[in-house]
Every structure is written in structure tokens, then in C-alpha cells.
Amino acid sequence: MGFLSKISTKPHYESYNWGTHQSLFSSIAYRLVFFIRLFSPLQWGKFMMRERGKHNQKHTIANDNKARSDIHARHSEYYLLLIFALSVGIYYLPVTAEEIFSSLPYGLSIALAFISKTLFLLLIIESIMWMFYYMLLRVLIEKHLSIYNEAEYFIVLPFVLLTQCFLLASHLNIDMTEVFSLLINISYENGLADNKTKLLIGALGYTYTVLIIANVINLIPPVPVQRKANVTIIGAGDVVQKRLLPALLANGLYKENQIAIASDIIDSDFKKELDKKKIAYHEVYKKIPSTNTSHGNTEPDSEITTDPNNTLKSIINFIKTRSSYVLIATPADEHFPYMKALTELNISFGVEKPIVATQAELDALTLSGDNMMKNGFLLSYYWLEKALPLNYFFTLNSHYREFLDISFDNKKNVTASNLAYIKNQLGTMQGISIKLLEGIDKRAWSLMKENGGFYFETLIHPITLLHNILPTKIDHSALNFSWFLDESIAEQLNVEQADLGASYVEIKGKISGVNIDIRTGKYIENKTRFIKVSFTNGSIIMNLDTLCCQIDFLENNITHSTSICVKNKFGGKQTPAGSDDVSSVAHQDSLLHDKYLVQMNLFDLFVKNSGHWQSPQRFDDYPNQLKIIKDMSSWLTETDNETHFYRPKVVPKKVYQSLPNR
């Protein structure tokens with residue numbers, strides 16, 4: 001249907017897939033409308049204009065040469081005026097078509113008479129379909145439509161109705177005023193129309209009246225409807241396969257037929273999994289089967305070269321026919337182009353961190369203000385998921401409360417006011433210690449210098465935590481950064497060591513009286529992930545593996561304990577609080593977190609809000625992440641330190657493994 005979709009508009013996937021089930025009636029009706037409009041001369045005229053102008057007009061992602069680009073209303077008005085003039089001229093012609101053709105040879109006369117009647121019927125059907133499509137069906141069939149002005153259809157409505165009256169009058173050999181009277185249901189004396197014709201034209205008149213009134217009423221803002229929309233995930237890598245997709249499907253949050261995957265290339269094992277789950281997918285570059293097809297082998301013999309621009313256009317065109325919501329889970333350098341394209345189409349989206357990959361994109365996003373992110377949800381794996389209890393304790397954002405179990409001295413009924421009181425009782429902040437030590441990461445790009453690897457992929461997490469916990473702005477000059485690289489990593493990843501940035505960083509210093517100690521790295525055998533915040537009258541320990549936060553403070557020489565944990569059904573792995581030993585709280589290797597459940601539920605809440613922010617209080621990581629990336633980008637330009645992300649100290653594996661304990 002690729003070629004035909006350039007002439008008539010293919011029904012949007014969501015127009016006949018309502019939540020978890022497909023509507024049989026709407027599927028048949030909308031496809032019938034699609035088929036009927038293929039015979040419209042107006043649609044073919046638009047198609048020829050697109051073909052003629054697609055190489056010399058200015059395109060955007062929303063209106064490119066791969067899609068059905070928009071035709072200005074003026075051109076449709078020209079056509080409608082032409083048909084109107086033709087219908088009037090034929091109606092007032094003193095002779096009929098049969099009389100004109102009667103002087104011609106019999107066969108030719110019959111053929112021309114048949115063609116003229118067929119053309120009349122075609123134009124009548126087109127005018128009727130125009131009324132139904134643009135007054136009613138278009139908003140149901142097309143999910144991402146655009147018009148040039150609110151009055152675009154109403155201004156031409158009288159011409160379409162009059163054209164229809166003249167065409168019907170000529171075709172039925174009756175007076176035009178009789179047709180018009182029947183349409184507006186006024187009696188007409190001595191009319192020539194038979195009862196069947198009167199009934200059909202009268203029914204059309206009643207229907208038109210209802211459609212016109214409904215469109216006028218539609219000017220009143222509609223009541224928002226909460227519904228589960230279809231979501232397309234852009235990307236097919238590890239994050240999608242092991243985090244996003246399982247989280248969307250967990251606990252029945254979304255059904256398989258509500259999700260689609262779009263990517264340049266999708267590996268064969270993942271495609272088998274998608275086929276098994278009956279999840280739709282769009283692969284831009286189809287793999288060419290090798291000549292060896294034994295055992296079902298269809299892998300390509302050579303590597304496929306992809307074109308980012310073609311990939312972008314192909315995926316955006318797929319989304320336009322499929323979904324109203326999108327999750328962007330591509331490498332960071334592809335985030336901004338997709339965000340820009342989706343914003344042009346007014347399609348709401350969620351985007352993985354980091355939100356942008358270059359200074360130019362950061363500047364462009366900053367200049368756009370909140371325009372690009374007004375329909376965007378910014379993910380942050382640590383602040384919105386693994387450290388959500390700590391997030392809630394410091395922000396008391398009510399949107400997070402439903403995901404948490406909170407107890408104070410083993411009492412469950414803990415309010416936001418109680419937590420505010422506890423925060424006040426902790427006293428003055430004295431120190432922040434963050435350990436984020438992870439194991440082997442086989443993704444070479446996550447350590448490469450050229451794309452900011454470890455710096456923007458991993459270090460952004462502890463810096464985000466520090467930014468949100470520290471009561472004052474981060475003063476980079478008060479911190480000392482020590483950067484290291486395990487000399488064995490390059491061989492493990494099969495890359496040149498000179499292409500790798502740091503894989504471990506130690507950050508120490510004091511900001512506004514708060515001692516800072518951050519240790520973050522990959523390829524660490526003794527994996528550890530926790531946050532400890534010390535105060536004059538207590539402490540907070542945030543376990544980033546079990547997703548539990550323990551808060552202790554003294555009051556009247558009595559230690560009081562508060563625990564805030566992500567609920568088990570949202571991926572938390574709760575353990576009893578009460579241990580002062582950080583390692584016993586932080587080391588829970590056997591308790592692995594079910595990833596992304598909280599974030600996908602938060603994204604679903606964003607979807608239920610119609611994909612735009614209805615109040616000033618957001619519950620994603622925007623604009624905080626933007627501020628953090630700005631700061632981190634500026635830090636990269638300071639090269640006076642002994643070591644730097646771009647020039648880490650290369651050490652033997654044994655020395656590297658001892659760094660977290662020094």
C-alpha cells in the first residue's frame with residue numbers, strides 16, 4: 001500500500017486498534033474510505049503536485065519527500081472552484097450530453113455518454129466523500145493531521161454544497177432549486193424527483209446538518225480522556241531488550257499489541273522474541289539473506305552500511321502511522337534529531353539520558369526554552385528509579401508517593417509533613433559519600449573518548465545525585481578529580497587504548513562545609529552502589545541495589561529510624577533496616593533490581609496526562625539534567641589537573657581494583 005498511501009491516507013494504527021483489541025467495524029469502514037478516496041480526482045491532483053515539487057520544495061521531517069507532504073489549502077480551493085464552475089456551466093448548458101453526442105457515430109456517442117455519466121457520478125461521490133471525510137472522518141482516521149487555518153473547511157463548505165446540488169440536478173435532470181430544497185428538507189411543489197431520490201437527498205441533508213452542527217460544537221474544548229495509547233520504542237539495543245520492553249509489559253502495564261519497536265537494524269534473536277510475543281517492529285535496513293540458508297540461517301554475509309538521515313525519516317514515517325507516544329532509546333548522539341522531528345509533529349516522547357550529546361545540541365535545546373520538552377519526558381535511571389526514595393525524601397514530589405513504602409519507627413502511616421519534620425531534625429549536612437562501582441561493560445562506546453563515554457554515560461549519575469542532594473550549587477573548583485584507566489580494558493574490548501577515556505574517577509573536596517567523596521567506575525570486581533549522607537544529628541543510607549533508604553536521627557537521646565523503599569511490585573527488593581554497617585546495606589548481590597518499572601509507570605502517568613505537562617511540577621528529570629550537562633560540559637574544558645577524562649592515568653589491573661579502598 002506504499003504507492004496508494006501517497007494518494008489516499010492510510011488509516012492510522014490507533015484508529016482501529018482501541019487499547020488491547022482491534023475494532024472490526026472501524027477497521028473495515030476506514031479501509032473502505034481509504035479505497036473510495038483513491039478514485040478522487042482531487043487526491044490524484046495532490047499526488048501529482050507532490051511528485052512534481054518534492055525535489056525543489058523545502059522539506060522538514062514532518063513534511064519530507066518520503067511522506068505525503070502537505071498541500072496548501074489554496075490548491076484545493078482552485079480545484080473546488082474549477083469543479084464548481086464546471087457544474088454550473090453544465091447545468092445551464094442549453095442541451096444535454098446525449099444531444100451533443102447524438103450527431104457522432106453511434107458507438108462513439110454511446111461511449112462518450114457513458115464517460116460523461118461516470119464522470120458526473122465520480123464528482124458527486126467525491127463531493128459527498130469530501131463532506132464526510134473533512135467534517136467527521138479525518139480526525140478519526142488521521143492521528144497526526146495538520147490544517148493551515150481553523151476556517152479551512154468551513155470557508156469552502158458552501159462551494160462544495162452548491163457544486164453537489166448542480167451536479168445532482170444535472171445528473172437527475174431536475175431543477176437545482178429542487179435539489180437544494182430536498183437537502184434542507186423544504187417541500188418543493190411540482191417536483192420531478194421520485195420518492196427514492198427524495199429520500200436519499202433528504203437523508204444527506206439531515207446528515208450534513210448534524211455534521212455542521214457537530215463541527216461548530218467541537219470548537220468548545222473537549223473533556224480529556226485517559227486511555228492507553230500505543231507506544232513505539234526507537235532503538236533495539238540492550239536497554240530496550242532488557243529494561244524498557246520488559247518494564248512496559250510487566251504487571252500488564254501495556255499489552256504486546258500496544259508496543260512497537262523501530263530501529264535501523266534489529267538482531268535476529270530479538271526479532272524472534274518480538275515475533276513470538278506478536279510485537280510489531282520496523283527495521284529500516286532489511287538484512288539480506290546469505291546463500292547459506294541451512295538451519296534457517298538468514299544472517300547477512302557483510303556488514304550493512306546505514307544512513308542516519310534515511311533511518312530517521314523511515315522511523316518517523318512509521319511512527320506517524322502507528323503511535324502517539326514514543327520512547328527514544330538510541331545512542332545519545334541520535335536523541336536530539338528524533339526529539340526535534342517528534343516536536344515538529346507534536347508527538348509526545350520520552351528520552352533516555354543524557355538528553356543531548358554535543359555542545360551545539362545543548363545550545364539549541366537551551367535556546368528553545370521549554371518548547372521542545374513541553375511534550376517530553378526525560379528519563380534518569382538513578383534519580384527516578386534507583387534513588388527514588390532519596391528523591392522523594394528531599395523533594396516530597398507527590399507523584400512518587402504511590403511507588404513507595406514508608407515507615408517511621410515501624411509505623412506505616414507516614415505523611416509528607418512527617419518527613420519534612422524528620423529532615424529538619426537531621427540538622428546540618430556534613431558529608432556526602434557516593435559509591436557507584438560497576439562490573440564489566442562490554443559496550444565499547446560507553447568508554448570511548450569521542451562520544452564522552454564514561455563521562456556522560458556513567459559519571460552523570462553520581463553528579464546528578466550530588467546536584468540534587470547538596471543544598472548549594474556544585475563548586476567545581478572546590479573538587480579534586482583523579483581519573484584512571486585499567487590497562488587491560490582495551491584488550492577486553494578489542495579497541496585501541498588511546499581511544500578510551502577514563503573508566504574510574506575519584507572526586508574529593510568540600511563545598512559549603514560539606515565533605516564530598518565520590519568513587520565511580522566500571523570493571524570493578526567488588527561491585528558497590530550506595531549513597532551515605534551524614535548530618536550533625538543523623539544520617540541517610542540509600543541502597544542503590546535494594547532501592548531502600550534508611551534515615552536515622554537522634555531525638556531526646558533516642559535513635560529513630562525511618563525507611564523509604566520502592567514497593568516490591570515496582571522492582572524494589574526490601575530488606576530490614578537497622579544496620580549501621582554500610583557494606584551490609586549496600587552489598588546485596590543476590591537481590592537484583594527489576595529495572596525501569598518505576599520509570600515506565602511514571603511515563604505511563606505522563607501518557608495518561610495526554611502527553612503534556614498539566615502543572616508546573618514535573619516528575620521527570622527536566623530541567624535538572626540540562627543544568628547538570630551544562631556544568632559537566634564546562635568542566636571538560638578545564639585541563640590544568642594532573643589527570644583528565646581524556647588523559648587518565650593508566651594503571652595495572654591489580655592497582656585499579658584497589659582504588660575504591662584507598
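The values are calculated or read from the model by the stated rules, or taken from the named source; none is laboratory data. Being a predicted model, the structure only gives us computed values, none of them experimental. Glycine gets a Cβ as well: all are built from the backbone with ideal geometry, and neighbour counts include every protein chain shown. The protein model used for the area step is the full one, side chains on, heavy atoms only, and it has no ligands, DNA or RNA in it. Shrake-Rupley method; radii C 1.70, N 1.55, O 1.52, S 1.80 Å.
Does Phe403 qualify as being crowded, with 18+ Cβ neighbours inside 10 Å and not hydroxyl-bearing (Ser, Thr, Tyr)?
yes
Could you tell me which residue of the stretch 640-662 is most open to solvent (accessible area, probe 1.4 Å), considering only residues that are touching a strand residue (DSSP E or B) at 6+ places or on another chain (Cβ under 7 Å) and of a type in the set (Ser, Thr, Tyr)?
Taking the candidates together, the pick is Thr643.
Looking at Ser380, Ser417, Ser407, which one is of a type in the set (Ser, Thr, Tyr) and in a loop (DSSP other than H, G, I, E, B)?
Exactly one of Ser380, Ser417, Ser407 is of a type in the set (Ser, Thr, Tyr) and in a loop (DSSP other than H, G, I, E, B), namely Ser380.
For the stretch 511-561, what are the residues that are farther than 26 Å from Leu447 by Cβ, of a type in the set (A, V, I, L, M) and either surrounded by fewer than 22 Cβ atoms within 10 Å (Cβ to Cβ) or without any contact (Cβ under 8 Å) to a residue 12 or more places away in the chain (or both)?
If the condition is that a residue be farther than 26 Å from Leu447 by Cβ, of a type in the set (A, V, I, L, M) and either surrounded by fewer than 22 Cβ atoms within 10 Å (Cβ to Cβ) or without any contact (Cβ under 8 Å) to a residue 12 or more places away in the chain (or both), then Ile511, Val514, Leu554, Ile558 are the ones that fit.
Considering only residues that are modelled with pLDDT under 80 and acidic (Asp, Glu), look in the stretch 564-621 and name the one that is surrounded by the most Cβ atoms within 10 Å (Cβ to Cβ).
Asp594
So which residues in the stretch 31-51 are over 17 Å from Arg74 (Cβ atoms) and open to solvent by less than 20 Å² (accessible area, probe 1.4 Å)?
Within the stretch 31-51, Val33, Phe34, Arg37, Ser40 qualify.
Looking at (1) assigned to a helix (DSSP H, G or I); (2) open to solvent by less than 30 Å² (accessible area, probe 1.4 Å); (3) over 17 Å from Lys630 (Cβ atoms), which is the only condition Ile463 fails?
Status for Ile463: all satisfied but (3).
Is there any pair linking a residue in the stretch 264-283 that is under 15 Å from Leu248 (Cα atoms) to one that is of a type in the set (A, V, I, L, M, F, W, C) and open to solvent by less than 60 Å² (accessible area, probe 1.4 Å), with Cβ under 6 Å and at least six apart or on different chains, and which?
Ile279/Ile259; Ala280/Ala260
Restricted to the stretch 622-632, and to residues that are buried (at least 18 other Cβ atoms within 10 Å of the Cβ) and of a type outside the set (A, V, I, L, M), which residue is nearest to Ala490 (Cα to Cα)?
Taking the candidates together, the pick is Gln625.
Among the residues of the stretch 454-493, write down those that are closer than 23 Å to Ala387 by Cα, hydroxyl-bearing (Ser, Thr, Tyr) and touching a strand residue (DSSP E or B) at 6+ places or on another chain (Cβ under 9 Å).
Residues satisfying the conditions are Tyr455, Thr458, Thr472.
Given the options Leu342, Leu312, Leu390, name the one that is under 25 Å from Glu457 (Cα atoms), in a helix (DSSP H, G or I), open to solvent by 10 Å² or more (accessible area, probe 1.4 Å) and hydrophobic (A, V, I, L, M, F, W, C).
Leu312
Give the residue that is farthest from His612 (Cα to Cα), with candidates limited to residues of the stretch 345-364 that are in a helix (DSSP H, G or I) and hydrophobic (A, V, I, L, M, F, W, C).
Filtering the stretch 345-364 for residues that are in a helix (DSSP H, G or I) and hydrophobic (A, V, I, L, M, F, W, C), the one farthest from His612 (Cα to Cα) comes out as Ala360.
May I ask you to list pairs of residues, at least six apart or on different chains, whose Cβ atoms are under 6 Å apart, with the first in the stretch 419-447 being under 19 Å from Lys353 (Cα atoms) and the second being aromatic (Phe, Trp, Tyr)?
Pairs found: Leu447/Phe454.
Residues of the stretch 70-85 being without any contact (Cβ under 8 Å) to a residue 12 or more places away in the chain and open to solvent by 80 Å² or more (accessible area, probe 1.4 Å), which ones?
Across the stretch 70-85, the qualifying residues are Arg74, Tyr78, Leu82.
Taking the stretch 320-334 on its own, how many of its residues are within 24 Å of Tyr254 (Cα to Cα) and not in a loop (DSSP other than H, G, I, E, B)?
Summing the residues that are within 24 Å of Tyr254 (Cα to Cα) and not in a loop (DSSP other than H, G, I, E, B) in the stretch 320-334 gives 5.
Find the residue count for the stretch 85-114, including only residues that are outside any helix (DSSP H, G or I) and either of a type outside the set (A, V, I, L, M) or at pLDDT 75 or above (or both).
Looking only at that region, the number is 8.
Looking at Leu362, is it open to solvent by 70 Å² or more (accessible area, probe 1.4 Å) and of a type in the set (A, V, I, L, M)?
no
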